[in-house]
Amino acid sequence: MIDVHAHLDAFEDVKDVIKEAKKRGVKKIVTAGYNLLSSKRSMKIANEFDGVYAVVGVHPENVEEVDKNYLEDLKSLAINKKVVGIGEIGLDYHFTTETKEKQKKMFIDQIELANNLGLPIVVHSRDAMGDTLEILKTHTPKFGGLMHCYSGSIESAKELLKLNFSFSFGGVCTFKNAKNVCAVIENLPLEKIMLETDCPYLAPVPHRGERNEPKYIPLIAEKIAELKNVSLEEVVNETTENAEKLFNLKNH
């Protein structure tokens, strides 16, 4: 199995976290940056451990901390052989809409960087699906994209499928109040679904409220198998193949 979205730089015991994940059958992990420092740390972890890869980018909540050279800095990280995408990037209007225009510009700039480097993008979209879709339609990622921790509607998912997007789901799909997310999973083709933890956040049931780790990926795979009414083996094989294809992991 592959955890396509983790934040390994949040762990002081990262070596043990990776070891435990591998014991549970999680052979590969993509660790995501959310600003330049986190992206640098993620790249370092990826270079240190077999089966770990990084995506580098600036999260919309960190828009105020970038300087005019940030794209050059990101580019210098992205050319590393263990970096497999630009992310996590996108729009987040949950806490404030005051930075909306700055967020949009940064999102577009990072999509263009990914296109120039031949990399896919990993998108975070919270309370901003309309603008997210508009930008993705006018600045379409040329090398594929992943909507991480997708919580949008089935209608938006259909629009994103037209743009060749995939979707990753984590612990939220195991929550009792996640009817919308579960309905989306039921309606999406399995070849567009991947597994993620978004650790250390959003641990799946029965570990909700605890520290999340990649070792819990099998619980998410089991839930998706249940929702899709297919075998666990099919979910494991298909999601692994999907992730390897999007992030070109077989060639790394």
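General observations
- Scanning segment 196-211 for residues that are on the phi < 0 side of the Ramachandran plot, out of contact with any Leu (no Cβ under 6 Å at 6 or more places or on another chain) and crowded, with 19+ Cβ neighbours inside 10 Å yields 196, 197, 199, 203.
- Positions within segment 111-153 being of a type in the set (S, T, N, Q), over 21 Å from residue 186 (Cβ atoms) and out of contact with any Pro (no Cβ under 8 Å at 6 or more places or on another chain), in sequence order: 116, 132, 138, 140
- Considering segment 105-116, and only residues there that are crowded, with 19+ Cβ neighbours inside 10 Å and not β-branched (Val, Ile, Thr), the residue that is nearest to residue 144 (Cα to Cα) turns out to be 114.
- Test result for residue 159, out of contact with any Cys (no Cβ under 7 Å at 6 or more places or on another chain), over 17 Å from residue 238 (Cβ atoms) and free of Cβ contacts under 8 Å to residues at least 12 places away in the same chain: no
- Helices (runs of 4 or more DSSP H) enclosed by segment 158-252 - at least 1 residues per element that are within 19 Å of residue 120 (Cα to Cα) and either modelled with pLDDT of 95 or more or among the charged types (D, E, K, R) (or both): 232-246
- Any chance residue 81 is within 22 Å of residue 44 (Cα to Cα) and part of a loop (DSSP other than H, G, I, E, B): yes
- Subset tally (residues that are farther than 25 Å from residue 117 by Cα and either loosely packed, with under 15 Cβ neighbours inside 10 Å or without any contact (Cβ under 8 Å) to a residue 40 or more places away in the chain (or both)) for segment 162-190: 14
- Residue among 30, 26 that is part of a loop (DSSP other than H, G, I, E, B), of a type in the set (Val, Ile, Thr) and modelled with pLDDT of 95 or more: 26
- For segment 45-74, filtered to residues that are within 20 Å of residue 5 (Cβ to Cβ) and without any contact (Cβ under 8 Å) to a residue 24 or more places away in the chain, the residue that is surrounded by the fewest Cβ atoms within 10 Å (Cβ to Cβ) is 50.
- When restricted to residues that are in contact with an Asp or Glu (Cβ under 9 Å, 6 or more places away or on another chain) and either at pLDDT below 95 or among the small types (Gly, Ala, Ser) (or both), segment 67-88 contains 1.
- Whenever a residue of segment 233-252 is among the small types (Gly, Ala, Ser), its partners that are surrounded by 14 or more Cβ atoms within 10 Å (Cβ to Cβ) and not in a helix (DSSP H, G or I), lying with C-beta atoms within less than 8 angstrom and at least six residues away or across chains, give the pairs 243/2; 243/4; 243/28; 243/30; 243/194; 243/195.
- All told, residue 108 falls short of being closer than 28 Å to residue 48 by Cα and without any contact (Cβ under 8 Å) to a residue 60 or more places away in the chain.
- Of all residues making up segment 5-20, the number that are surrounded by 15 or more Cβ atoms within 10 Å (Cβ to Cβ), out of contact with any Gly (no Cβ under 9 Å at 6 or more places or on another chain) and more than 24 Å from residue 103 (Cβ to Cβ): 5
- Subset of segment 150-184 [within 21 Å of residue 138 (Cα to Cα) and among the hydroxyl-bearing types (Ser, Thr, Tyr)]: 150, 153, 156, 166
The values are calculated or read from the model by the stated rules, or taken from the named source; none is laboratory data. Just so you know, these numbers come straight off a predicted model, no measurement behind them. Quick reminder, even Gly has a Cβ in these numbers, built from the backbone with ideal geometry, and neighbours come from all protein chains shown.
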